[in-house]
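Worksheet for the structure shown next.
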Amino acid sequence: MGRRKKARKLGRLEEAIRLYRAAYENDSSFLAAYNEVGVLLMQTGNLRDALKVYLTIIERPDAAEQKYIAANNAADVYLTWFDAGRNRERNIERASHFARIAMEKPTPMRACNLLLAYIKDHYYPEAQQLMNSVLQAQLPQCSGEKFLQTLFQIRDTDLVAWLNWLDGELEKDNASR
């Protein structure tokens, strides 16, 4: 196990940040290391600096897959700020924006982040449409089963309330048939 991963595993986050940052500075194309800097900064509560890392990656024309990972992480930052009550309108707008970028290369977590952004912004038809399209598309990298597994692990009161409402609506539809 490399020094960076070992430091992270042992919970020495500041050391891990320094080592991942050094790896990126040594090779500026090593965007996975820079993304890890952002993730570790988030874990230490430094959301503002984490966001700067993610935005830098997203803006890079050579970011490839790291762009979508960084966009998903940026959406997480904005969702966190939204939930904290900070500049709610702007933060949910930014969360939705970056979650949509991340969904250009869908994965279960990216789909869940976009779903959360829609729900928190009260875009319920869009949330339901997203859920249906993910479940029906059966993309190899974002299967409906994995999406649902990921979704049901998220403990978010807005999400739980929406899922309960959706379940009630589906029961009404089935009862009327």
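Numbers at a glance
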item	result
Tabulated pairs, the stretch 61-87, first in contact (Cβ under 8 Å) with a residue 60 or more places away in the chain, second among the β-branched types (Val, Ile, Thr) and open to solvent by 60 Å² or more (accessible area, probe 1.4 Å), C-beta under 7 angstrom, 6+ apart or interchain	none
Some residue of the stretch 93-108 being of a type in the set (Gly, Ala, Ser) and within 21 Å of residue 45 (Cβ to Cβ)	yes
Conditions (1) closer than 25 Å to residue 82 by Cβ; (2) small (Gly, Ala, Ser); (3) in contact with a helix residue (DSSP H, G or I) (Cβ under 8 Å, 6 or more places away or on another chain); (4) at pLDDT below 95: number failed by residue 144	(1)
Identity of the residue in the stretch 9-26, open to solvent by 70 Å² or more (accessible area, probe 1.4 Å) and either at pLDDT 95 or above or part of a helix (DSSP H, G or I) (or both), that ends up farthest from residue 57 (Cα to Cα)	9
Residue within the stretch 62-70 that is among the aromatic types (Phe, Trp, Tyr) and closer than 28 Å to residue 119 by Cβ present	yes
Test set (1) touching a residue at least 40 places away in the same chain (Cβ under 8 Å); (2) part of a loop (DSSP other than H, G, I, E, B); (3) open to solvent by less than 80 Å² (accessible area, probe 1.4 Å) - residue 105 fails condition number	(3)
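For every residue, the table says whether it meets (1) under 20 Å from residue 78 (Cβ atoms); (2) out of contact with any Phe, Trp or Tyr (no Cβ under 9 Å at 6 or more places or on another chain).
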site	(1), (2)
102	yes, no
105	yes, no
108	yes, no
112	yes, no
122	yes, yes
131	no, no
140	no, yes
145	no, yes
155	yes, yes
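Yes or no, residue by residue, for (1) under 21 Å from residue 56 (Cα atoms); (2) surrounded by 17 or more Cβ atoms within 10 Å (Cβ to Cβ):
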| site | (1), (2) |
| --- | --- |
| 92 | yes, yes |
| 113 | yes, yes |
| 121 | no, yes |
| 129 | no, no |
| 137 | no, no |
| 141 | no, no |
| 147 | no, yes |
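The values are calculated or read from the model by the stated rules, or taken from the named source; none is laboratory data. In this text the structure is predicted, and so the values were computed from the model without any measurement. As a convention, Cβ positions derive from the backbone with ideal geometry for all residues, glycine included, and neighbour counts pool all protein chains shown. All accessible areas refer to the heavy atoms of the entire protein, side chains included, with ligands and DNA or RNA removed. Shrake-Rupley method; radii C 1.70, N 1.55, O 1.52, S 1.80 Å.
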